[in-house]
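Engineer: Got a structure for you, written out below as C-alpha cells; questions coming shortly.
The values are calculated or read from the model by the stated rules, or taken from the named source; none is laboratory data. All values derive from a computational prediction rather than experimental measurement. Here the Cβ positions follow ideal geometry from the backbone for every residue, glycine too, while neighbour counts run over all protein chains shown.
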Amino acid sequence: MNLYAVRAIYNFEMARTRRTLMQSIISPVISTSLYFVVFGAAIGSRIPEIEGVSYGAFIVPGLIMLSLLTQSVSNASFGIYFPRFTGTIYELLSAPVSYLEIVVSYVGAAATKSVVLGLIMLATAALFVPLRIEHPVWMMLFLVLTAVTFSLLGFIIGIWADGFEKLQLVPLLIITPLTFLGGSFYSTHILPPFWRTVTLFNPVVYLISGFRWSFYGIADVSVGVSLVMTVVFLTVFLAIIAWMFRTGYRLKN
C-alpha cells in the first residue's frame, strides 16, 4: 500500500475540516446540545426512568448515533463528490494510487472526523446529564465501526450523486427518519408487538441498541446481533464500492 498517497489525501481532507471548523464540529455539537437541554433537562425531568436509567441519560447514545450517522455520510459524500465536481478525480484515478488507497484515505478521514465529533458530544452530554459507561471498549468499537460503515455509505452516495442536492437527499430523507424511529428517544420494548417486529427491519435499531448497551448494559436486541449486523452493513458497502470501481460507475464518464 502506498502510505504516502494515503497520508496525503487523508491530511488534505482533515485540513479541510480545520478550515471549516464551525460547520464541521461546532455546529453539530451546538445542535445536539440543544437536544440535551430540551429533552434531557427540561422534558426528561418529567419522564420516569427507562429500565433504571434517567430519560436524559437514556437518549444520549441515540443522539450521539444520530449525529454520527449523518456526519459520517455527509463528510464522506462531499469528500469524494467535490473532486468529481471539479474534475480533479481524473488526476486521482490516473495517479499511481490504487482504489483501496483512495477508499482508505477518504473514508478514514470522514470516520476520524465523526469519531472526534462523537467523543466531543459525549463529553458535552456529561455536562447536562449523569452518564456512565459500563463497557468503554465496546463503546469505542461500536463508535468506530459505525463511523467507518456510514462513511463507506457516504462514499457511495458521493459517487452516485450527480448534484449537490442529492448529497443531502439520503441523510435527510432516509438516515434521519430511520434514526428517530430506531429507538433514539425510546425503547422498542414499549411498542406493541406488531410495531416492535416492524421496527426490527430498521437497520439503525441494531446500531443504537448495541451502542446503548455499551453505556448502561441494556439493549433492545442482543449485543451480538448488533455487532454482526454492523459488520454485515460494512461488508455490503465495501462490496458496492468495489463494484463501482471495477465498472467505473460514474467515475470514468
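Engineer: Listed residues Thr146, Thr124, Thr176; which is over 16 Å from the mean Cα position of the chain (by Cα) and either at positive phi or of a type in the set (S, T, N, Q) (or both)?
Structural biologist: Thr124
Engineer: Can you spot a residue in the range 68-84 that is hydroxyl-bearing (Ser, Thr, Tyr) and either free of Cβ contacts under 8 Å to residues at least 60 places away in the same chain or more than 22 Å from Phe164 (Cβ to Cβ) (or both)? Break it down stepwise before answering.
Structural biologist: So the first thing to find is which residues in the range 68-84 are hydroxyl-bearing (Ser, Thr, Tyr), and the list is 70, 72, 74, 77, 81.
Next, only the ones that are either free of Cβ contacts under 8 Å to residues at least 60 places away in the same chain or more than 22 Å from Phe164 (Cβ to Cβ) (or both) stay: none.
No, the range 68-84 has no match at all.
Engineer: Right, another one. With the structure loaded, tell me whether Met244 is under 16 Å from Pro61 (Cα atoms) and not in a loop (DSSP other than H, G, I, E, B) or whether it fails that test.
Structural biologist: So Met244 does not fit the description; no.
Engineer: Taking the range 213-239, which residues are surrounded by fewer than 17 Cβ atoms within 10 Å (Cβ to Cβ) and of a type in the set (Val, Ile, Thr)?
Structural biologist: Of everything in the range 213-239, those that are surrounded by fewer than 17 Cβ atoms within 10 Å (Cβ to Cβ) and of a type in the set (Val, Ile, Thr) turn out to be Ile218, Val225, Val228, Val231, Val232, Thr235, Val236.
Engineer: Taking into account only those residues within the range 71-101 that are of a type in the set (Val, Ile, Thr) and at pLDDT 90 or above, which is surrounded by the most Cβ atoms within 10 Å (Cβ to Cβ)? Working first, answer last.
Structural biologist: If we filter the range 71-101 for residues that are of a type in the set (Val, Ile, Thr), which is where we start, we get 73, 80, 86, 88-89, 97.
Now restrict to residues that are at pLDDT 90 or above: 73, 80.
Values: Val73: 27, Ile80: 25.
Looking at residues that are of a type in the set (Val, Ile, Thr) and at pLDDT 90 or above, I get Val73.
Engineer: OK, next. Leu191: more than 18 Å from Asn75 (Cα to Cα), out of contact with any strand residue (DSSP E or B) (no Cβ under 6 Å at 6 or more places or on another chain) and not polar (S, T, N, Q), yes or no?
Structural biologist: On the way: more than 18 Å from Asn75 (Cα to Cα): yes; out of contact with any strand residue (DSSP E or B) (no Cβ under 6 Å at 6 or more places or on another chain): yes; not polar (S, T, N, Q): yes.
When the stated conditions are applied, Leu191 passes them.
Engineer: Sticking with this one: Determine, yes or no, whether Ile102 is under 20 Å from the mean Cα position of the chain (by Cα) and among the aliphatic types (A, V, I, L, M). Walk me through it before giving the result.
Structural biologist: Values: under 20 Å from the mean Cα position of the chain (by Cα): yes; among the aliphatic types (A, V, I, L, M): yes.
Yes; evaluated as a whole, the condition is true for this residue.
Engineer: Can I ask one more? Do any residues in the range 11-24 that are under 15 Å from Ile80 (Cα atoms) and surrounded by 12 or more Cβ atoms within 10 Å (Cβ to Cβ) have Cβ atoms under 7 Å from those of residues that are among the aliphatic types (A, V, I, L, M) and modelled with pLDDT of 75 or more, where the two are at least six apart or on different chains, and which pairs are they?
Structural biologist: The qualifying pairs are Glu13/Ala109; Met14/Ala109.
Engineer: Please work out if Val38 is within 26 Å of Ser214 (Cα to Cα), at pLDDT 90 or above, among the hydrophobic types (A, V, I, L, M, F, W, C) and in a helix (DSSP H, G or I).
Structural biologist: Working: within 26 Å of Ser214 (Cα to Cα): yes; at pLDDT 90 or above: no; among the hydrophobic types (A, V, I, L, M, F, W, C): yes; in a helix (DSSP H, G or I): yes.
Answer is no for this residue.
Engineer: State all residues of the range 155-207 that are hydroxyl-bearing (Ser, Thr, Tyr) and part of a loop (DSSP other than H, G, I, E, B); if no residue qualifies, say none. Write out each step before concluding.
Structural biologist: As a first pass, look at the range 155-207 and keep what is hydroxyl-bearing (Ser, Thr, Tyr): 176, 179, 184, 186-188, 197, 199, 206.
Matches in the range 155-207: Ser184, Tyr186, Ser187.
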